[in-house]
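The values are calculated or read from the model by the stated rules, or taken from the named source; none is laboratory data. Values in this document were obtained by computation on a predicted structure and should not be read as measured data. Quick reminder, even Gly has a Cβ in these numbers, built from the backbone with ideal geometry, and neighbours come from all protein chains shown.
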Amino acid sequence: MILTLTLNPAIDMSYQLDELKIDTVNRCDRVIKTAGGKGLNVTRVLKCVSADVCATGLLGGKTGEFIEQQLDQSSIRHDFVHIKGNTRHCLAIMHEGNQTEILEGGPAIDEEEAEAFLQEYDRLLDQASVVTASGSLPKGLPKSFYQKLIERAKEKNKKFLLDTSGEALELGIKAHPYLIKPNQEELAAIMGKEIKDEADVLASVKKLSETGVTYVVVSLGKDGALGYIDGRAFIAKPPKVHAVNPVGSGDSMIAGLAYGLDRGLSPEEALKYGITFGTLNATEEKTGYVQADQVEPFKDRIAVRVLE
Ligand SMILES: Nc1ncnc2c1ncn2[C@@H]1O[C@H](COP(=O)(O)OP(=O)(O)OP(=O)(O)O)[C@@H](O)[C@H]1O
Ligand SMILES: O=P(O)(O)OC[C@@]1(O)O[C@H](CO)[C@@H](O)[C@@H]1O
């Protein structure tokens, strides 16, 4: 079973506008509301391909109820800890080929809620083979929270895939997760330097792997991704597609990596699933969605180039 963690979920509101006008009224007829937050996007994509997946995290208020209803309607297994605060909304405005996002900070978590989550996590961990942890940490949880979750997963020999940024990522790396997936911008932030080309990416992933992360994947948007494991580097590139809504493509990539690793596939094959899910998601209007029948034919078209 793949266990997905969403500690700061959201109702994602996606608005499609021909033009975003500033300092005036914009009216929108094309609105999609989704049970979101990065980990729930991962979950939904895994459900699209009928993977054995369970979603957990922290949810509260009417917004939390809406998310649970959506998960029930999609027959997605979930086991969230209920909190006193209200789960947040996040806005993504698609306009003139751009993606403008406004993300609420979300509710604050108290000590009792954090402890309740840890107990639930330990119980679910026993049933999982792969764990994905995605997104920002809500207020109230220490920045070392993912680090703690990784340590617990490692004690039980579970593969932990961490997709976050900033201090939560830096501290998480100290616990040696199985996989991290920064994009180019996040990589530059962790390394504290500009990442201009493939050589910079390669030098950075080597440094990161020396810190004890087993598998480093750097996602490169429409150019695919670079993977580094056991001293081997490879770039996987998807064929060109018409992108409609790339929101959640990084999350879909995590879903594909988890899907491949859960099935015991090689890191290269798992990355091909990652790119397949990421790219197919970008071609859909819905966030965190792929069409199952497109997966295998698309995966066969992904080119992998070994760098060293
Ligand atoms: N515009 C696009 N066209 C085609 N494929 C895309 C596009 N954007 C993303 N992808 C696919 O999704 C994967 C992950 O995307 P990206 O590198 O943008 O991750 P990310 O920055 O974490 O994404 P996000 O935070 O928007 O979910 C890419 O490796 C690629 O396969
Ligand atoms: O605030 P976070 O947790 O970093 O990001 C939240 C978020 O922007 O990420 C997803 C897209 O990847 C959206 O579904 C969601 O709203």
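Here are the numbers for this structure:
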| quantity | calculated |
| --- | --- |
| Failed criterion for residue 133 (all others in (1) assigned to a strand (DSSP E or B); (2) touching a Phe, Trp or Tyr at 6+ places or on another chain (Cβ under 8 Å); (3) farther than 22 Å from residue 172 by Cα hold) | (3) |
| The stretch 187-219 - residue that is within 21 Å of residue 131 (Cα to Cα) and not polar (S, T, N, Q) and, of those, farthest from the chain's Cα centre (by Cα) | 212 |
| Cβ pairs under 6 Å, 6+ apart, first in the stretch 55-80 and touching a residue at least 60 places away in the same chain (Cβ under 8 Å) and buried (at least 22 other Cβ atoms within 10 Å of the Cβ), second of a type in the set (D, E, K, R) and not in a helix (DSSP H, G or I) | 56/79 |
| Answer from 292, 255 - the residue that is among the hydrophobic types (A, V, I, L, M, F, W, C) and either at positive phi or within 14 Å of ligand 2 (Cβ to nearest atom) (or both) | 255 |
| Residue within the stretch 41-50 that is β-branched (Val, Ile, Thr) and over 19 Å from the mean Cα position of the chain (by Cα) present | no |
| Residue that is within 16 Å of ligand 1 (Cβ to nearest atom), buried (at least 16 other Cβ atoms within 10 Å of the Cβ) and of a type in the set (S, T, N, Q), where the choices are 134, 144 | 134 |
| Hey, residue 67 β-branched (Val, Ile, Thr), part of a strand (DSSP E or B) and either within 16 Å of ligand 2 (Cβ to nearest atom) or at pLDDT 95 or above (or both) or not | no |
| Answer residue from the stretch 13-43, given it is closer than 18 Å to residue 85 by Cβ and not aliphatic (A, V, I, L, M) and is nearest to ligand 2 (Cβ to nearest atom) among those | 36 |
| Single residue of 104, 111, 96 found to be more than 16 Å from ligand 1 (Cβ to nearest atom) and in contact (Cβ under 8 Å) with a residue 60 or more places away in the chain | 104 |
| Residue list for the stretch 283-308, filter: more than 29 Å from residue 206 (Cα to Cα) and touching a residue at least 40 places away in the same chain (Cβ under 8 Å) | 283, 284, 285, 286, 287, 288, 289, 290, 291, 292, 295, 298 |
| Any chance residue 237 is more than 14 Å from ligand 2 (Cβ to nearest atom) and either more than 21 Å from residue 53 (Cβ to Cβ) or surrounded by fewer than 21 Cβ atoms within 10 Å (Cβ to Cβ) (or both) | yes |
| Residues within the stretch 6-43 that are surrounded by 12 or more Cβ atoms within 10 Å (Cβ to Cβ) and in a loop (DSSP other than H, G, I, E, B), tallied | 7 |
| Any chance residue 153 is modelled with pLDDT of 95 or more, more than 14 Å from residue 135 (Cβ to Cβ), among the small types (Gly, Ala, Ser) and touching an Asp or Glu at 6+ places or on another chain (Cβ under 8 Å) | no |
| Looking only at the stretch 185-220, and only at residues there that are of a type in the set (A, V, I, L, M, F, W, C) and assigned to a strand (DSSP E or B), the one that is nearest to residue 150 (Cα to Cα) | 216 |
| So residue 3, is it within 26 Å of residue 148 (Cβ to Cβ) and of a type in the set (A, V, I, L, M) | yes |
| Long-range neighbours under 9 Å by Cβ, at least six apart or interchain, first residue within 8 Å of ligand 1 (Cβ to nearest atom) within the stretch 236-247, second among the aromatic types (Phe, Trp, Tyr) | 238/298; 241/298 |
| Hey, residue 226 part of a strand (DSSP E or B) and surrounded by 24 or more Cβ atoms within 10 Å (Cβ to Cβ) or not | yes |
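Rundown of residues vs (1) assigned to a loop (DSSP other than H, G, I, E, B); (2) more than 8 Å from ligand 1 (Cβ to nearest atom), yes/no style:
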site	(1), (2)
252	no, no
255	no, yes
261	no, yes
272	no, yes
275	no, no
279	no, no
284	yes, yes
288	yes, yes
295	no, yes
